[in-house]
Amino acid sequence: MANQGHHTPWWKYFTFNTDHKVIGIQYLVTTFIFYLIGGVLAGGVRTELATPEVDFVSREIYNSLFTLHGTIMIFLWIVPAGTGAFGNYLIPLMIGARDMAFPRLNAIAFWMIPPGGALLIGSFFVEPPQAGWTSYPPLSEIASNSGQIMWILSLLILGTSSILGAVNFLTTILKMRTPGMTLYQMPLFCWSMIAASILILISTPVLAGALILLMFDIVAGTAFFNPTGGGDPVVYQHMFWFYSHPAVYIMILPVFGIISDVLPVHARKPIFGYTAIAYSSLAISFLGLVVWAHHMFTSGTPGWLRMFFMIATMIIAVPTGIKIFSWVATVWGGKIELNSAMLFSLGFVSMFVIGGLSGVMVASVPFDIHVHDTYFVVAHIHYVLFGGSVFGLYAGIYHWFPKMTGRKLNEPLGITHFVLNFIGFNMCFLPMHWLGLQGMPRRVAEYDPQFTFVNQICSVGSLLLAISTVPFLINAIWSWIGGKQVGANPWRALTLEWQTASPPPEENFLENPVLWSGPYDYGIDNVHRDSDKPVEELLSEVQGNAR
């Protein structure tokens, strides 16, 4: 096993590079910067809501803050970080390929992210868009036209980038696996990327169509969605949610894959229900395409259609529940190492269960009508997208940082990061369930004074959440420069990316990787826990004794 890592010169990360590993890290660093910007905007929102009066920013600026916060977090952080960063870095390594199928297309997809992000953030300084991340007409057609056009162009660029990436992921996984690797020998992250890529390819063009028609309404005076000219704004809602509900799964499916790969390594147990987890990803992908209108129960949707979308939405709990059951069964009875990667993985499972349960609640028509456009929905979406996706992304960073840099992240700083993050997140978003049930509407800068104390708890939680990022940033920068050096396989993991050096050389492997075990054949360390032998030798010995 090779142990001599290949370090890429720092300046190459600022160039048009076709190495999938460079592109993956470019995605990860760039999207994390956008995450910090989105977090600053959220801080502005929570500062305003610390008091019931409008006293920190104007109502118009407040509208722009939550509009850009939501858009940046979804389109410039979670989607490109889960698919672009981890997908690019891991897929070729996990399947034993030397690069992605279309390296230049891959680089083009990344280099569309910075201008798309700059255009979106630039809209704040031109004429800030105020229609929320959904940009429903007619509001989006009558306010902040210049900023709204920049918002639309930005999303068209980012959507194109996402489609190019999905083409690459699917082609690479299906056509470039190392000889002898069947689909059922792939790490589960690859299955989740297949499911997410299918969703991207089917749903993203529909969003692009909606945005182009919306831009025609604003620029050319057409009336596709403008009711004063005979248009129908509900059609926009159908087209928008045909993409944006699957977008939830585009954001969460790669994280499902990350968790499925992190838990077995740090519990030292085989994954429970490999086939069920793989097929449940495909089931979520299919069902995610037929539930969009549950966001529109208050938009005049016919009763029979409400019933269909309510039932279809609830059915998604089945494949999702299969995954959660399998993860719990995987760690059950395992030799769990409570390091940072494991803590964030367990945090992901617990927070996502809460988000999933509130999701089943809002899938129900009567309950959804009661809490529609209240803070209950804000709490739900953040438990899914922050408690779920962001916790999972952190787990992936802590797990694969040694592969990317050849160094481990500092564990005490990582655990401090997790504790602050966990407490701050729950302080910020758990009370919002109560606010929503009591009827506090979302997207308003002022509110009934009876909600003041609970809102102040939320704002303190958001401050703690912001502070939690500090130890992570210090840890990432310090560890990258001078952290503890590691060999090729510091976690004694079995998937192919750990067979090559850390960081991997150009074209990933000095010789063709050999499939000497399944990706999750753990358990041998229970017998040979203190052995210094490479894990593949131990596995060979155990298999020989078994025969």
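For every residue, the table says whether it meets (1) open to solvent by 20 Å² or more (accessible area, probe 1.4 Å); (2) farther than 17 Å from residue 79 by Cβ.
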residue: 8; (1), (2): yes, yes
residue: 14; (1), (2): yes, yes
residue: 19; (1), (2): yes, yes
residue: 22; (1), (2): no, yes
residue: 30; (1), (2): yes, no
residue: 42; (1), (2): yes, yes
residue: 50; (1), (2): yes, yes
residue: 54; (1), (2): yes, yes
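Taking (1) free of Cβ contacts under 8 Å to residues at least 40 places away in the same chain; (2) open to solvent by 60 Å² or more (accessible area, probe 1.4 Å); (3) not in a helix (DSSP H, G or I) in turn, residue 301 satisfies each apart from (2).
Can you report the number of residues in region 153-193 which are buried (at least 24 other Cβ atoms within 10 Å of the Cβ) and charged (D, E, K, R)? Looking only at that region, the number is 0.
Rundown of residues vs (1) assigned to a loop (DSSP other than H, G, I, E, B); (2) under 30 Å from residue 442 (Cα atoms); (3) touching a helix residue (DSSP H, G or I) at 6+ places or on another chain (Cβ under 9 Å); (4) not basic (Lys, Arg), yes/no style:
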{"site": "129", "(1), (2), (3), (4)": "yes, yes, yes, yes"}
{"site": "132", "(1), (2), (3), (4)": "yes, yes, yes, yes"}
{"site": "136", "(1), (2), (3), (4)": "yes, yes, yes, yes"}
{"site": "146", "(1), (2), (3), (4)": "no, yes, yes, yes"}
{"site": "159", "(1), (2), (3), (4)": "no, yes, yes, yes"}
{"site": "168", "(1), (2), (3), (4)": "no, no, yes, yes"}
{"site": "178", "(1), (2), (3), (4)": "yes, no, yes, yes"}
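The set of residues from region 313-357 being hydrophobic (A, V, I, L, M, F, W, C), closer than 24 Å to residue 523 by Cα and not in a helix (DSSP H, G or I) comprises 332, 336, 338. Of the residues making up region 4-55, those that are at pLDDT 95 or above and either on the phi > 0 side of the Ramachandran plot or part of a helix (DSSP H, G or I) (or both) number 29. Which number in (1) over 23 Å from residue 292 (Cβ atoms); (2) free of Cβ contacts under 8 Å to residues at least 60 places away in the same chain; (3) among the β-branched types (Val, Ile, Thr) marks the one condition that residue 320 misses? With respect to (1) over 23 Å from residue 292 (Cβ atoms); (2) free of Cβ contacts under 8 Å to residues at least 60 places away in the same chain; (3) among the β-branched types (Val, Ile, Thr), residue 320 is out only on (1).
For region 443-492, what are the residues that are part of a loop (DSSP other than H, G, I, E, B), of a type in the set (A, V, I, L, M, F, W, C) and more than 24 Å from the chain's Cα centre (by Cα)? Answer for region 443-492, where residues must be part of a loop (DSSP other than H, G, I, E, B), of a type in the set (A, V, I, L, M, F, W, C) and more than 24 Å from the chain's Cα centre (by Cα): 444, 445, 486, 488. Consider region 281-294 and keep the residues that are closer than 20 Å to residue 196 by Cβ and not hydrophobic (A, V, I, L, M, F, W, C). The one that is surrounded by the fewest Cβ atoms within 10 Å (Cβ to Cβ) is 285. Close contacts from region 475-498, counting a first residue that is modelled with pLDDT of 90 or more and a second that is β-branched (Val, Ile, Thr), with Cβ to Cβ under 6 Å and a gap of 6+ residues or different chains, come to 480/405; 491/265; 492/535; 493/265. Among the residues of region 98-130, just one is crowded, with 23+ Cβ neighbours inside 10 Å, at pLDDT below 95 and not polar (S, T, N, Q), namely 129. In a residue-by-residue description of region 433-442, the property of being open to solvent by 10 Å² or more (accessible area, probe 1.4 Å), closer than 25 Å to residue 482 by Cα, part of a helix (DSSP H, G or I) and touching a residue at least 12 places away in the same chain (Cβ under 8 Å) applies to no position. Is there any pair with a first residue in region 343-368 that is on the phi > 0 side of the Ramachandran plot and a second that is at pLDDT below 95 and among the acidic types (Asp, Glu) whose Cβ atoms are under 8 Å apart and which are 6 or more apart or on different chains, and what are they? If the second residue must be at pLDDT below 95 and among the acidic types (Asp, Glu), no pairs are left.
Could you tell me which residue of region 83-97 is surrounded by the most Cβ atoms within 10 Å (Cβ to Cβ), considering only residues that are of a type in the set (Val, Ile, Thr) and either without any contact (Cβ under 8 Å) to a residue 60 or more places away in the chain or within 13 Å of residue 176 (Cβ to Cβ) (or both)? Looking at residues that are of a type in the set (Val, Ile, Thr) and either without any contact (Cβ under 8 Å) to a residue 60 or more places away in the chain or within 13 Å of residue 176 (Cβ to Cβ) (or both), I get 91. If you filter region 180-223 down to residues that are of a type in the set (S, T, N, Q) and in a helix (DSSP H, G or I), you find that the one that is farthest from residue 113 (Cα to Cα) is 185. For region 329-348, the set of residues classified as open to solvent by 70 Å² or more (accessible area, probe 1.4 Å) and either within 22 Å of the chain's Cα centre (by Cα) or more than 22 Å from residue 415 (Cβ to Cβ) (or both) consists of 332, 333, listed by residue number. Would you check if there is a residue in region 390-409 being buried (at least 19 other Cβ atoms within 10 Å of the Cβ) and over 30 Å from residue 21 (Cα atoms)? Looking for residues that are buried (at least 19 other Cβ atoms within 10 Å of the Cβ) and over 30 Å from residue 21 (Cα atoms), one finds none in region 390-409, hence no. When region 230-280 is limited to residues that are part of a loop (DSSP other than H, G, I, E, B) and of a type in the set (A, V, I, L, M, F, W, C), the one that is surrounded by the fewest Cβ atoms within 10 Å (Cβ to Cβ) turns out to be 272.
The values are calculated or read from the model by the stated rules, or taken from the named source; none is laboratory data. Because the structure is a prediction, the values reported are computed rather than measured. Glycine also receives a Cβ, built like all others from the backbone with ideal geometry; neighbour counts cover every protein chain displayed. Note: areas computed on protein heavy atoms with side chains; ligands, DNA, RNA excluded. Shrake-Rupley method; radii C 1.70, N 1.55, O 1.52, S 1.80 Å.
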